[in-house]
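The block underneath contains the structure these notes are about, expressed in structure tokens.
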Amino acid sequence: IAAAPDRPSFTNTIVALERSGHALDRVSAVFHALAGAHTSDALMAIEREMSPLLAAHRSRIHLHDGLYARIKALWDRRAELDLSPEQARVLERYDVTFRRAGAGLAAAAKQRIAAIGERLATLGTAFSQNVLADEQAYALVLERDEDLAGLSEGARAAAGAATAERGMAGKHVITLARSSIEPFLQSSARRDLREKAHAAWIARGNGGGATDNKAIIAETIRLRAERAQLIGYPSFAHYRLDD
């Protein structure tokens, strides 16, 4: 697209970009759905490997001088292009997205922004996997009938089914999966058990040890601020709220 010899047009630039990357988008959508809802050690290993690679791929697109030159040329001429409202909106989003990614900056700034993007992708994956590990490790065992007070038949059945994965047949278990803990917090008549479950829910990634996210959060905040300032915003908050 960037190397096209013709003068930039909505069709040969914006439509072409819209049509590019469909195979990757479809594969990524399926993969991340699985990684978020039905993961495994193998999927998590792939996610850790691929996250910085995908971030680098996106950076190469958004920081590509030739691509941005064509988008900016169209944006500067937008009043003469006779675009429909939908086309005008799509062009606007491309201009905003590329500028907010660092397009048009000096080479050294773009190189640093790309490196930050890769590191943030790695940190984000580690953060999510730490939270997931804490979710999977936790189980609130409901030992007696009174522990089930207030739960619907469906919630009771789900709590009973969760024991099969943990070798606790005949009991009921509340896990930190949303489908398990949210119905429990909403309907359980046992305030003391709700408190235990909620305390575990808000402590995911904050228990010390291998799955603790505090250092990840600190580095993420620092890198987000640096990237925002490189792009021209006083803080990450300004960057987020600007669009």
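Using 1/(1 + (r/R0)^6) with R0 = 30 angstrom and r between the beta carbons of Ala210 and Ala157, what's the FRET efficiency to the nearest 0.05? The partial results should precede the final answer.
Numbers: r = 34 Å, r/R0 = 1.12.
Result of the calculation: an efficiency of 0.35.
Highest mean packing first, where packing is the average number of other Cβ atoms within 10 Å per residue, the peptides 203-213, 173-183 line up as 173-183, 203-213. Calculated from the alpha-carbon coordinates, the chain shows an Rg and a Dmax of 23.9, 75 Å respectively. Annotation: amide H-H contacts under 5 Å for His172 (H modelled 1.01 Å from N, sequence separation of 5 or more, or interchain): Leu142. Derived scalar couplings between HN and Hα for region 102-111 equal x, 4, x, 7, 5, 4, 5, 5, 5, 4 Hz in order, rounded to whole Hz, by the Karplus curve 6.51 cos²θ - 1.76 cosθ + 1.60 (θ = phi - 60°), x for Gly and Pro. For Gly205, the residues whose modelled amide H falls within less than 5 Å of its own, excluding neighbours fewer than 5 places apart on the same chain, are Asp134.
Please give the Cα centre distance for region 201-229 versus region 119-138, rounded to the nearest Å. One Cα centre to the other: 10 Å.
In region 126-172, the C-alpha radius of gyration followed by the widest Cα-Cα span (Dmax) gives 12.7, 39 angstrom.
The phi-based Karplus calculation (6.51 cos²θ - 1.76 cosθ + 1.60; θ = phi - 60°) puts the 3J(HN,Hα) values of region 58-70 at 4, 5, 4, 6, 5, 9, 6, 4, x, 5, 5, 4, 6 Hz, whole numbers, x for Gly and Pro.
Farthest toward the positive end of the dipole of region 67-206, out of Ala69, Asn130, Gly150, is the Cα of Ala69, where the dipole comes from beta carbon charges about the Cα centre.
In a solvent-free Debye calculation with one equal scatterer on each Cα, what is log10 I(q)/I(0) for region 122-243 at q = 0.19 Å⁻¹, listed in the order of the q values? Values, matching the q order: -0.96.
When averaged across all projection directions, what area in nm² does the alpha-carbon convex hull of region 1-139 cover?
On the way: hull surface 41.1 nm².
Answer in nm², one decimal: 10.3.
Here the spin labels are modelled as points 7 Å beyond Cα on the Cα-Cβ line, and at Leu185 and Glu219 they lie 2.8 nm apart.
Read-outs throughout are calculated quantities, based only on the coordinates presented, and are distinct from any laboratory measurement. Just so we're clear, the structure is a prediction, and the values are computed from it rather than from any experiment. Neighbour counts are summed over all protein chains in view; Cβ atoms, including those assigned to glycine, are modelled from backbone coordinates with ideal geometry.
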